[in-house]
Structures are given as C-alpha cells and as structure tokens.
Amino acid sequence: MNGDETIRLRLDIAYDGTNFAGWARQPDLRTVRDVLETALGVVFRRFGTPPELTVAGRTDAGVHASGQVAHIDLSPEQFAALDLRPRQRAAGKILHEYAKGPAALVRRVNGILGLDSDVVLLGASVAPEGFDARFSGLWRRYEYRIADMDVVKNPLRRNYVLTYPARLDVERMDAAASTLVGLHDWIAYCKPREFATTIRELQDFRWEKDEDGILLARVKADAFCHSMVRSLVGACVAVGAGKLEIDDLVRLRDQRQRTSEYIVMPAKGLTLVQVGYPADIDMGLRADLTRARRNQAAFDLEAGNRLQ
C-alpha cells in the first residue's frame with residue numbers, strides 16, 4: 001500500500017529494445033513506457049487518466065531488459081476493477097480461469113500487447129509499504145554480450161549479441177574490469193545529466209566466456225550514469241584488442257574527462273537483467289535515503305556552478 005488512498009503495484013517487465021527509442025517518453029518516437037501506458041490506458045479506460053509508470057532504470061534506445069521493474073499507483077476502484085470472471089466458449093469450455101487483482105492485470109495487459117509483442121509484463125504484485133521502483137533499489141545488474149571472430153555467426157542472436165570483427169582476449173578484459181570496482185566519480189565513462197551526480201559504486205565487473213564462446217560482461221552497481229555500462233565495456237574491448245593496457249582504465253577514470261581512446265559500444269549487446277531491493281521492512285527507508293542523496297548531489301552541483 002502507498003498511503004490510505006492508493007494501492008501500489010510492483011510490475012516486472014521484459015522487452016526486446018531493438019525497435020524502441022528507449023524507456024522514457026519521447027515525442028513521435030516509440031518507447032517502452034508509451035507502449036505499456038497505452039495498454040494500461042485500455043485496461044483503465046473508464047477511470048479517465050491511466051496510471052503512470054515509475055521505473056527502476058530508464059534504459060537507452062536499443063537496450064534490452066529481462067528484469068526491469070516499475071510501479072503504478074491505483075485507486076481502490078481501479079484495483080477492484082481488475083478481477084476477471086471465467087469466460088466460456090459456446091461449447092461450454094472455459095476460455096480462462098478466474099483471475100484476481102495483480103494476476104488479472106498481467107493477463108489483461110499481455111492480451112492487449114499481443115502474442116508477438118516485444119514487451120511483456122512478467123508479473124505484478126502488491127508492493128510492500130514504502131516501495132519505490134526507482135528509489136528503493138539497492139543495485140542494478142546488466143549483462144553485455146560480444147561474439148568475436150572465434151564465434152560462429154548466428155543470425156538468431158543478431159538483436160542482442162554484438163559481432164566484433166577481431167579476436168578479443170577475455171582474460172585481459174576481466175583483469176582490466178576488476179581494477180575499476182569501487183566507489184568513484186565516473187564522469188569520464190558517462191554522459192552526465194544536468195544536476196545529477198556521476199559518483200557511483202561499481203560493485204562487480206567481470207568478463208567470461210559462455211558455453212557458446214560468447215564474451216559475457218556482468219556489471220553491477222548501486223546505479224548507473226547515462227551510457228556508463230557501454231563506455232566501460234568499450235574500454236575493456238580496447239584492452240582485449242590490445243589497443244589499451246590493463247592499467248589504462250583506471251588512468252582514464254581518474255582523468256575525469258571524456259576520451260577518444262576507446263569506443264562506446266552499441267546498445268544492442270546490453271541487457272538489464274536484475275534490480276535488487278532490500279527487505280520489505282526497509283523499502284521506505286532506502287527510498288528516503290536515495291532521494292536525500294540525489295537531492296544533495298544536485299544542490300552541491302548547482303552551488304558549484306554558481307561559484308564558477
């Protein structure tokens with residue numbers, strides 16, 4: 001529950017980002033948020049303005065997700081209207097079983113999206129007190145996949161695996177990635193947004209090869225700046241290709257400015273796989289702490305700009 005008047009639902013979402021201009025709403029462009037909110041508008045059409053989505057992390061154009069999280073707030077009337085009664089065919093066979101509340105929302109939204117939709121609602125549940133999909137998150141985990149010249153090309157993977165036309169040394173890439181873990185200012189590896197801090201805790205960064213020989217990066221942080229994961233991957237690729245040394249990645253980070261010594265990798269290889277949250281009892285406290293930290297960072301940045 002979220003207060004006395006609304007019911008907050010947690011939504012778990014997956015999508016193929018190939019044909020989306022990212023998550024966030026953009027004029028005249030197809031986005032994940034627009035597609036889902038249009039479906040929600042159909043479900044709640046008799047209640048006027050549909051509920052709006054708050055997301056754990058706004059993915060960029062072309063980025064995929066298998067573990068995205070969002071929330072919506074419903075009035076008691078909207079929540080009660082979700083229930084689906086059994087429907088029967090002419091022959092008396094049940095078309096679908098009784099579905100109630102969040103389970104009914106999943107069935108309705110996915111039915112509106114269609115069988116071949118590139119976005120799917122994986123699940124829905126009543127959120128614990130204080131839950132905020134964005135601000136309650138403890139960490140986000142991404143994966144990036146690359147097929148170098150040692151991997152046989154597979155057209156079935158073209159939307160989510162980047163093909164790289166050279167041989168990459170995964171051991172060097174893994175060694176370079178490990179040097180970056182920790183709490184740092186990542187302005188050299190991202191595109192900073194106005195009044196937003198670029199200080200993040202990179203909690204895990206490693207490379208390995210899967211059973212098909214595909215190079216797989218696992219990247220985990222409390223949060224990520226814009227283009228940060230693709231920049232980190234690009235720097236590691238430069239190491240794997242012999243264009244940078246292992247220690248160069250820390251050097252570039254500590255210079256605190258963008259560089260042309262590596263290429264920011266395309267979005268197609270990147271997938272948001274999981275968002276971590278605290279125990280239910282700590283949801284509200286975590287959200288409050290995150291909001292306070294973000295607000296303080298924005299205040300400090302604005303104050304610094306005024307002094308320049």
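What follows draws every value from the coordinates through simple rules; no lab data is involved. Here the structure is a predicted model, which is why all the values come from computation and not from measurement. Neighbour counts run over all protein chains shown; Cβ positions are idealised from the backbone, glycine included.
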**Request:** Please give the peptides 158-165, 71-78 ranked by average Cβ packing (other Cβ atoms within 10 Å per residue), highest first, as a rough proxy for protection.
**Result:** 71-78, 158-165
**Request:** Once you've got the GNM for the chain with C-alpha springs shorter than 10 Å, pick whichever of 241, 61, 279 has the biggest mean-square fluctuation.
**Result:** 279
**Prompt:** Can you list residues whose amide H is under 5 Å from residue 57's amide H, if they're 5+ apart or on another chain and H is modeled 1.01 Å from N?
**Reply:** 69
**Asked** Using r as the Cβ-Cβ distance of residue 158 and residue 75, and R0 as 45 Å, what FRET efficiency do you calculate, to the nearest 0.05?
**Response** 0.55
**Request:** For the range 229-259 and the range 96-166, compute the distance between their C-alpha centroids and round to whole Å.
**Result:** 29 Å
**Request:** Only residues of the range 241-255 count here: report those whose backbone N is under 17 Å from the spot 7 Å along Cα→Cβ of residue 150, or say none.
**Result:** 241-243
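Which value, in Å to one decimal place, does the Kirkwood hydrodynamic radius take for the chain when every pair of different Cα atoms is included? Mind showing how you got there, number by number?
Values: mean 1/r = 0.0471 Å⁻¹.
One decimal place: 21.2 Å for the Kirkwood radius.
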**Asked** Along each of its three principal axes, how wide is the spread of alpha-carbon positions in the range 139-276, in whole angstrom units, largest first?
**Response** 44, 32, 22
**Item:** No Cys partner within the rule (Cβ under 4.7 Å), the chain
**Value:** 236
**Request:** Please state, rounded to one decimal and in Å, the Kirkwood hydrodynamic radius that the range 7-134 gives when every pair of distinct Cα atoms enters the mean of 1/r.
**Result:** 15.3 Å
**Item:** Nearest-0.05 FRET efficiency for residue 6 and residue 139, computed from C-beta distance (R0 30 Å)
**Value:** 0.65
**Prompt:** Which Cα, out of 40, 241, 144, lies furthest along the positive dipole direction of the chain (beta carbon charges, K/R +1, D/E -1)?
**Reply:** 40
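Rounded to the nearest 0.05, what FRET efficiency do residue 212 and residue 28 give with R0 = 41 Å and r taken as the Cβ-Cβ distance? Could you check? Before the final figure, lay out the partial values.
Values: r = 39 Å, r/R0 = 0.94.
After rounding to 0.05, the efficiency reads 0.60.
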**Asked** Using a simple charge model, +1 on the beta-carbon of Lys and Arg, -1 on the beta-carbon of Asp and Glu, nothing else, what dipole does the chain show about its Cα centre, in debye to the nearest 20?
**Response** 800 debye
